[in-house]
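Values in this text are rule-based calculations from the coordinates and carry no lab data. Given the structure is predicted, the values throughout are model-derived calculations rather than measurements. With ideal geometry, Cβ positions are generated from the backbone for all residues, glycine too; neighbour counts draw on all protein chains shown.
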């Protein structure tokens, strides 16, 4: 019966096992897709986007959906240098932060910083980048993200003309990018290091540009020509014709609008060397206007590009003899720059105050931590002292108990020994009394006077009783030995007691009756009773007090 039930359960267990295996396989497939997309993100962002489009979003959990969206936006930024119009980088950063997914949160903050940078909000972009810098683990394998993060921080600092700060960020970016194969970032970082680094020789600057060109060889033509144009610009003497040729190629063939600003400057300078009203003068002005119009798309988000555009436009208006418009353009440029500097000053002041508040908070936190550590140390020491005191107290108590137990054992042993000796003494006395009684009842002593008693019987009786001083001294010595010199103490306390009184007291404490005492002392009852009364008088007892009871209590109290 049991085997039949087990056989019925086998199909159910098989289905359950198949379900778990299919779930694990689907999970493994998802992880594999995420891994392949992550690997293609930095090298081939467009193929990363195509990999992510293949993924089934219905079977994903919320964190996986969020990571899919993050990878998609990051690949879009890498492929097209911009973010989707419906970007969710801010919400993704908050989501990953609430789920304590710190690497993904840092990546989302980087994307959000790129969004703010593209929207012309460098302060907010730098704030997001600094948050990502604090979150990301520098010991992890995310060197591409760290390099991109520091590179963007350098570009934002350079746009604010903070070249020294930008240079430090570029150096940090280069440190992380050198362990990767991100040739575009490496080329751009080396190019910008060559541009922003001060107090270096021309040879060192050329080395930077040459390394940048080596990495740019793995990228498209635009970055190579851009680096080459910067290298020519920093050379002495400058090869102007080569620089113009490169910028024309970048602008006309590769749609690189930033190169148009260099061409605009060149034709404005060329017009200044031509005779006014000549054909060459007109051609130079027309070429300058043409390239200035091509430069316009680069002024959408970059402050310095807008400023340069207005400056070149004012120069062009001046060459066309529109002096009022040129002056108005320069005045607007001056006012915009003044407002920008004021806004930057406020923003920097606010940032410095925030950093100061953060530092003060960190200082207060450190002080609290130090105080807590001191408190913990004091509490620990107190606990140790309490534990040591408790351990010492327990040891002393245990030692005292051990001593007490040893003393009790010794007392019990002595009491047992004394009781045993006392019993032996009593037994000896009782034997003497019994033999004396038997002897007195024999015909040898019956109805005979003392002088008629045989010598041997008289000698036996004298040896058995306390008629001689020697026998009494022997008994008294044994009694004091087992009673801790009770008789001596009693004699010292009551000096009126006689030797006979001490004898009677010893025999009473031994537990003998009046008859036995009479036998041992060879005295009559009347004599013993009279001696008992005299003992009570010497002990200062009242008539109501019992001599036997009082002596027994006194004897027990002696111990």
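List of remarks:
- Modelled label positions at residue 494 and residue 178, each set 7 Å beyond Cα in the direction of Cβ, lie 11.2 nm from each other.
- Peptides ranked, highest mean first, by Cβ atoms within 10 Å: ranges 493-506, 152-165, 106-119: 106-119, 152-165, 493-506
- Here the simple spin-label model places points 7 Å from the Cα toward Cβ, and for residue 282 and residue 65 these points are separated by 6.6 nm.
- Gain on full extension, evaluated as 0.36 nm per residue between residue 218 and residue 409 minus their Cα-Cα distance, stands at 58.9 nm.
- Once the Cα gyration tensor of the stretch 70-142 is diagonalised, semi-axes √(5λ) in Å: 18, 14, 12
- Approximate shape of the stretch 204-363 as ellipsoid semi-axes (Cα gyration tensor, √5λ), whole Å, largest first: 34, 27, 13
- Of the peptides 531-538, 388-395, 78-85, the order by per-residue mean of other Cβ atoms within 10 Å, starting with the highest, comes out as 531-538, 78-85, 388-395.
- For the stretch 64-219, convex hull of alpha carbons as volume per residue, Å³: 109
- Shown is the FRET efficiency for residue 335 and residue 121, computed with R0 = 22 Å from the Cβ-Cβ distance and rounded to the nearest 0.05: 0.60.
- Between residue 240 and residue 102, the modelled label-to-label distance comes to 5.7 nm, taking each label 7 Å out from Cα in the direction of the beta carbon.
- Computed with the Debye formula from one identical point scatterer per Cα of the stretch 465-558, without solvent, the log10 of I(q)/I(0) at q = 0.21, 0.25 Å⁻¹ comes to -1.15, -1.64.
- The order of the peptides 237-244, 183-190, 225-232 by mean Cβ neighbours within 10 Å, most packed first, is 183-190, 225-232, 237-244.
- In terms of its Cα atoms, the stretch 256-345 spans 46, 32, 16 Å along the principal axes, sorted from long to short.
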